[in-house]
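Engineer: The structure's right below; bear with me while I get my questions together.
The values are calculated or read from the model by the stated rules, or taken from the named source; none is laboratory data. Just so we're clear, the structure is a prediction, and the values are computed from it rather than from any experiment. Don't worry about glycine lacking a Cβ; one is built from the backbone with ideal geometry, like all the others, and counts go over all protein chains shown.
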Amino acid sequence: MAFGLAMLVVFLAVITTAAVVDGFVPPSHVQSIDPTKVSETPPFDHPGLRKVADGAYEAYYVARIFSFTPSDIEVPVGSRVTFYVTSADVEHGFSIPATGVNTMVTPGWVSEVSHTFRDRGTYLLVCNEYCGSGHQLMAAKVEVK
Ligand code: CUA
């Protein structure tokens, strides 16, 4: 019993040290944001698609119960899109099935994930983290033309 408790203290100390000293944050969460001020904080005050170069885009998304803003973006085939996503309320998911795009969206953090869309089509973007009674309705579209 004493040994078990001692190990628990050791593990917590290791985790705390890693978090504080090495500045560990949730995976793919690179920037922090005040979750109560998302709608006033650029660039999330104007979520949407920005072209940064030919074939390169940045897409800024706000997740909130039970929708994504923007709900629909359109990019040319072959485009590389970097998604930046934050939540204005609770924990959400951000997943485009059959692509590498899959991240949790944690209030207070901006998640970042990139993908090159090599095939035309309409890609469904879904919340894959249970977030409440309308969770299954929480979706958006990425159109690749
Ligand atoms: Cu948002 Cu489930």
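Engineer: Does residue 113 count as within 11 Å of the ligand (Cβ to nearest atom) and either closer than 18 Å to residue 47 by Cβ or surrounded by 19 or more Cβ atoms within 10 Å (Cβ to Cβ) (or both)?
Structural biologist: The answer is no for residue 113.
Engineer: Can you name the number of the only condition in (1) in a strand (DSSP E or B); (2) within 15 Å of the ligand (Cβ to nearest atom); (3) without any contact (Cβ under 8 Å) to a residue 12 or more places away in the chain that residue 85 fails?
Structural biologist: (3)
Engineer: Right, another one. Every residue in the range 58-101 that is of a type outside the set (A, V, I, L, M) and on the phi > 0 side of the Ramachandran plot, please.
Structural biologist: 78
Engineer: For a quick check of your reading: which strands (runs of 3 or more DSSP E) sit entirely within the range 89-145 and have at least 2 residues that are touching a residue at least 24 places away in the same chain (Cβ under 8 Å) and of a type in the set (Val, Ile, Thr)?
Structural biologist: Result: 102-105, 109-116, 139-144.
This table checks each residue for (1) away from the ligand (no atom under 16 Å from the Cβ); (2) not aliphatic (A, V, I, L, M).
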position: 42; (1), (2): yes, yes
position: 57; (1), (2): yes, yes
position: 89; (1), (2): no, yes
position: 94; (1), (2): no, yes
position: 97; (1), (2): no, yes
position: 105; (1), (2): no, no
position: 133; (1), (2): no, yes
position: 137; (1), (2): no, no
position: 144; (1), (2): yes, no
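Engineer: Name the residues in the range 68-82 that are assigned to a strand (DSSP E or B) and hydrophobic (A, V, I, L, M, F, W, C), would you?
Structural biologist: The answer is 68, 73, 75, 81.
Engineer: I've got another one for you. Mind counting the residues in the range 104-137 that are of a type in the set (Asp, Glu) and within 20 Å of residue 29 (Cα to Cα)?
Structural biologist: Going through the range 104-137 one residue at a time, the tally reaches 2.
Each row is one residue, and each column tells you yes or no for (1) crowded, with 17+ Cβ neighbours inside 10 Å; (2) at pLDDT 95 or above; (3) within 21 Å of the chain's Cα centre (by Cα).
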position: 4; (1), (2), (3): no, no, no
position: 14; (1), (2), (3): no, no, no
position: 31; (1), (2), (3): no, no, yes
position: 52; (1), (2), (3): no, yes, yes
position: 55; (1), (2), (3): no, yes, no
position: 59; (1), (2), (3): yes, yes, yes
position: 85; (1), (2), (3): yes, yes, yes
